[in-house]
Number of protein chains: 2
Amino acid sequence: MIPVQPDRFLADLHALRAIGASGVGKGVVRPAYSPDDIAARDWLAGRFAEAGLEVAWDPMGSVFGLAPGQSFLMGSHSDTQPEGGWLDGALGVIAALEIARAAREAGGPPLSCVSFQDEEGRFGVTTGSAAWAQALDRETAPTLVDRDGITLAEARAAMGDRLGDWLDPARFTGFMEMHIEQGPLLDQTGGKIGVVEAIVGIRDMVIRFEGQQNHAGTTPMHMRADAFQALSAFNQRINERFRNVVTPATVWTIGHVALHPNAHSVVPGKVAFSMQWRDGDADRLDRMEQIIRDTAAEIAAEKGMGLEFGSMLGVPPVAMDAGHRRALCAAAEAQVPGAWREMPSGALHDASNMARLMPASMLFVPSIGGISHDFAEDTDEADLVTGLKVMADAVARLTS
Amino acid sequence: MIPVQPDRFLADLHALRAIGASGVGKGVVRPAYSPDDIAARDWLAGRFAEAGLEVAWDPMGSVFGLAPGQSFLMGSHSDTQPEGGWLDGALGVIAALEIARAAREAGGPPLSCVSFQDEEGRFGVTTGSAAWAQALDRETAPTLVDRDGITLAEARAAMGDRLGDWLDPARFTGFMEMHIEQGPLLDQTGGKIGVVEAIVGIRDMVIRFEGQQNHAGTTPMHMRADAFQALSAFNQRINERFRNVVTPATVWTIGHVALHPNAHSVVPGKVAFSMQWRDGDADRLDRMEQIIRDTAAEIAAEKGMGLEFGSMLGVPPVAMDAGHRRALCAAAEAQVPGAWREMPSGALHDASNMARLMPASMLFVPSIGGISHDFAEDTDEADLVTGLKVMADAVARLTS
């Protein structure tokens, strides 16, 4: 058993929350490569060093705390959404810190920690861990562009000479990530722990329609090529067509819309919008992509508009390691008998990429109201401590 | 006959175009109260003074060139859309300058000029002339806010001590405005001059839906309150319902959309968008407003969302002065026999507000391809000169 200290764990969680605190509830604003994101990583590096771990930075800006020799890796990410919560990512990083620190103090197994960069996808999807796992080409990564036209290379420059070389994955025997569920299932059913069976696949693409910008008073409706009307028609049509393809677990979202020139009295000539869809079945993701591409082409043809698809970002569905899952189930049953379940992850996580490099797994703790990616995100601190103990127990079973 | 000089008129038009030139074709970027807008007004004030006219600025920043005593007023506006053309507004101001200057040189009738402020509606709709005509409350005007949250009072401060008092409308016997059509009718029918019968009414309102911001991967579709989906459903439903109410001349536009937080992986919790509609019949504008309000309330109820309507901006349909129209028709027939027509204006103009203060009228010249509110806006220079001569002839008939 690894003698974790719940109070020290919670104190570090709140210390990290203070870096980039939004001032709204427990909200945090710490997007990838922002000054607060970098400050948080410097603070983590200090904590890793105090715990006797060797600090290492990779070329993306992910920061590691390394035990000597071969070790078991734990962690998550410390960057946040534009309006994020205090636990999304941070929980898994601080749990890793506490478990590795406690193991080292007790002369336990060699455990290492990591906070991956840009998990929230300012430049893509789990950008930092994807580049390490080469799910994202390492040469392409620096050329990715955010919504404001800034390249990853330009943003990353703010990290200066912290950046080092890629680590050899062979030095790690496995990876485990604790995370909030970010959904309503555990909260609604009174579950304390979710042992993740698989992480759903996700695809994300920017779509552009180009029509004709014109005067909103003198252009008859039948002569318009209105980019917003094209977007609205596209959205209604895919909603209808997806009905024949999806399951209750399938989700899709248009979360970002940029109209041009975006003025009251101008028929919008251009729109760029994000189309993102998720499912546990790769074939279903393919069928949805075909519907999206066909429908966009139909709308563009009907309205006489230009159409452009951005590059497709995404990660395939990933099963979690069977041995890790057995250890997590045993630890959960020991800590909270009957109050845990196996479940899929509807959210993408760095563990998806780690599964390409080593045996990987995840456990969830409840999200109050299922709310996340919002300042209102929260979890009962007793549930956070339960998650810490279950993870420490499972890691001990895997490394003893 | 007032001896206008076409070359001097065109030279001044191109000189004004150079202030805020976009560098794309003949495009101009000169939004209300921007440094280039103020520079253009200072240049106009200089030209007015050189023509022997008394320069006066009102509290909104509209700039006048005044003939002594009672006079006939001509003009338009020199501010532009965020991406504007070189003629929208500028044409009417420079035509007024040339006709007043030529009349003064020839000892003709007393003619005055004006360039109204913010016709393009950074802060509302024809803001400058509306405040003078008290179609917009003069105390409310400074509190209007643009898309970036800047108040008119804050933006106006850049004009410093230029600003003066309101002019007494009683010193003017009438108002005439020349403008590009900004639509396809004259261009497609080979017409050289449009004599405006009436200016359509316009209504403009911001609508907000507020749902629940949440994670785009873990929130099942049936549990979402997605603000973009509410906007899309609203748009489709009003498009269907308007069919039973509108005529081929009716137009409506959603030109501005602001999603919050506007990120790929977040179900959008809020949207604010512009709804603008135009028609020559005030009753039809009312019926459309009722459909808009009822439909938005239905969508909000169906999706369990908050709904907020912004303040309604707009101008009622306005008939042009009958005597002015007779003079314009006679002048058009004299200059371009058979190549002119009477027509409504689908675009709103400062003349709508002037009609509240004095007899008012408008004439149109063709827009190539009907394009405006775009860098590509243009008109054949021969057609500009035809417009100048027809307007000079009509003004002479009204002031002799």
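The values are calculated or read from the model by the stated rules, or taken from the named source; none is laboratory data. Predicted model only: the values in this text are computed from it and were never measured. Neighbour counts run over all protein chains shown; Cβ positions are idealised from the backbone, glycine included. We work out accessible area using only protein heavy atoms, side chains counted, and drop any ligands, DNA or RNA first. Shrake-Rupley method; radii C 1.70, N 1.55, O 1.52, S 1.80 Å.
Looking at A:206, A:125 in this structure, which one is modelled with pLDDT under 95 and either closer than 30 Å to residue A:289 by Cβ or out of contact with any Leu (no Cβ under 7 Å at 6 or more places or on another chain) (or both)?
Of A:206, A:125, the one residue that is modelled with pLDDT under 95 and either closer than 30 Å to residue A:289 by Cβ or out of contact with any Leu (no Cβ under 7 Å at 6 or more places or on another chain) (or both) is A:125.
Give the residues of region B:222-267 that are within 7 Å of chain A (Cβ to nearest Cβ) and part of a loop (DSSP other than H, G, I, E, B), sorted by residue number.
B:248, B:254, B:255, B:256, B:261, B:262, B:263, B:264, B:265
For region A:141-153, enumerate the residues that are out of contact with any strand residue (DSSP E or B) (no Cβ under 9 Å at 6 or more places or on another chain), over 16 Å from residue A:206 (Cβ atoms) and without any contact (Cβ under 8 Å) to a residue 40 or more places away in the chain.
Once the filter is applied, which keeps residues that are out of contact with any strand residue (DSSP E or B) (no Cβ under 9 Å at 6 or more places or on another chain), over 16 Å from residue A:206 (Cβ atoms) and without any contact (Cβ under 8 Å) to a residue 40 or more places away in the chain, region A:141-153 yields only A:153.
Out of curiosity, is residue B:280 within 17 Å of the chain's Cα centre (by Cα), closer than 20 Å to residue B:202 by Cβ and open to solvent by 30 Å² or more (accessible area, probe 1.4 Å)?
So residue B:280 fits the description; yes.
Could you please give the count of residues in region B:82-101 that are of a type outside the set (D, E, K, R) and touching a helix residue (DSSP H, G or I) at 6+ places or on another chain (Cβ under 7 Å)?
Total meeting the criteria: 8.
Could you give me the residue pairs with C-beta distances under 8 Å whose first residue belongs to region A:121-133 and is within 11 Å of chain B (Cβ to nearest Cβ), whose second residue is aromatic (Phe, Trp, Tyr) and not in a loop (DSSP other than H, G, I, E, B) wherever it lies, and which are 6+ apart or on separate chains?
A:126/A:116
Among the residues in region B:278-292, are any at pLDDT 95 or above, more than 7 Å from every other protein chain (Cβ to nearest Cβ) and in a strand (DSSP E or B)?
No - not one qualifying residue is present in region B:278-292.
Any residue at all in region B:353-375 that is part of a loop (DSSP other than H, G, I, E, B), within 30 Å of residue B:227 (Cβ to Cβ), open to solvent by less than 40 Å² (accessible area, probe 1.4 Å) and at pLDDT 95 or above?
Checking region B:353-375: not a single residue is part of a loop (DSSP other than H, G, I, E, B), within 30 Å of residue B:227 (Cβ to Cβ), open to solvent by less than 40 Å² (accessible area, probe 1.4 Å) and at pLDDT 95 or above.
Quick check on region A:5-14. Is at least one of its residues more than 19 Å from the chain's Cα centre (by Cα), under 30 Å from residue A:168 (Cβ atoms) and small (Gly, Ala, Ser)?
no
Would you confirm whether any residue within region A:157-173 is more than 10 Å from chain B (Cβ to nearest Cβ), under 28 Å from residue A:274 (Cα atoms) and out of contact with any strand residue (DSSP E or B) (no Cβ under 7 Å at 6 or more places or on another chain)?
The answer is yes; a qualifying residue exists.
I'm trying to understand the selection: among the residues of region B:306-344, which are more than 21 Å from the chain's Cα centre (by Cα) and within 30 Å of residue B:273 (Cβ to Cβ)?
B:306, B:307, B:308, B:309
List, please: which pairs have Cβ atoms under 8 Å, are six or more places apart or on different chains, and start with a residue in region A:224-244 that is without any contact (Cβ under 8 Å) to a residue 12 or more places away in the chain and within 30 Å of residue B:184 (Cβ to Cβ) and end with one that is open to solvent by 10 Å² or more (accessible area, probe 1.4 Å) and assigned to a helix (DSSP H, G or I)?
A:232/B:236; A:236/B:233; A:236/B:236
What are the residues in region B:268-277 that are assigned to a strand (DSSP E or B) and facing another protein chain (nearest Cβ under 7 Å), if any?
Of everything in region B:268-277, those that are assigned to a strand (DSSP E or B) and facing another protein chain (nearest Cβ under 7 Å) turn out to be B:274, B:276.
Determine which single condition residue A:252 fails, assuming it passes every other condition in (1) buried (at least 24 other Cβ atoms within 10 Å of the Cβ); (2) within 21 Å of the chain's Cα centre (by Cα); (3) on the phi < 0 side of the Ramachandran plot.
Of the numbered conditions (1) buried (at least 24 other Cβ atoms within 10 Å of the Cβ); (2) within 21 Å of the chain's Cα centre (by Cα); (3) on the phi < 0 side of the Ramachandran plot, the odd one out for residue A:252 is (1).
Taking only region B:281-324 into account, find how many residues are of a type outside the set (A, V, I, L, M, F, W, C) and under 21 Å from residue B:208 (Cα atoms).
Selection size over region B:281-324: 16.
Could you give every pair whose Cβ atoms fall below 8 Å, whose first residue belongs to region A:305-317 and is at positive phi, and whose second residue is open to solvent by 70 Å² or more (accessible area, probe 1.4 Å), counting only separations of at least 6 or pairs across chains?
The qualifying pairs do not exist here.
Can you work out which of the residues in region A:194-221 that are under 28 Å from the mean Cα position of the chain (by Cα) and among the acidic types (Asp, Glu) is farthest from the other protein chains (Cβ to nearest Cβ)?
Checked region A:194-221; the qualifying residue farthest from the other protein chains (Cβ to nearest Cβ) is A:197.
Check residue B:147 against each of (1) touching a His at 6+ places or on another chain (Cβ under 8 Å); (2) under 18 Å from residue B:63 (Cβ atoms) and name the one condition it does not meet.
Exception for residue B:147: condition (2).
Give the residues of region B:294-326 that are open to solvent by 70 Å² or more (accessible area, probe 1.4 Å) and in a loop (DSSP other than H, G, I, E, B), sorted by residue number.
B:311, B:316
Does residue B:347 count as among the aliphatic types (A, V, I, L, M), part of a helix (DSSP H, G or I) and under 20 Å from the mean Cα position of the chain (by Cα)?
Against the criterion (among the aliphatic types (A, V, I, L, M), part of a helix (DSSP H, G or I) and under 20 Å from the mean Cα position of the chain (by Cα)), residue B:347 does not qualify.
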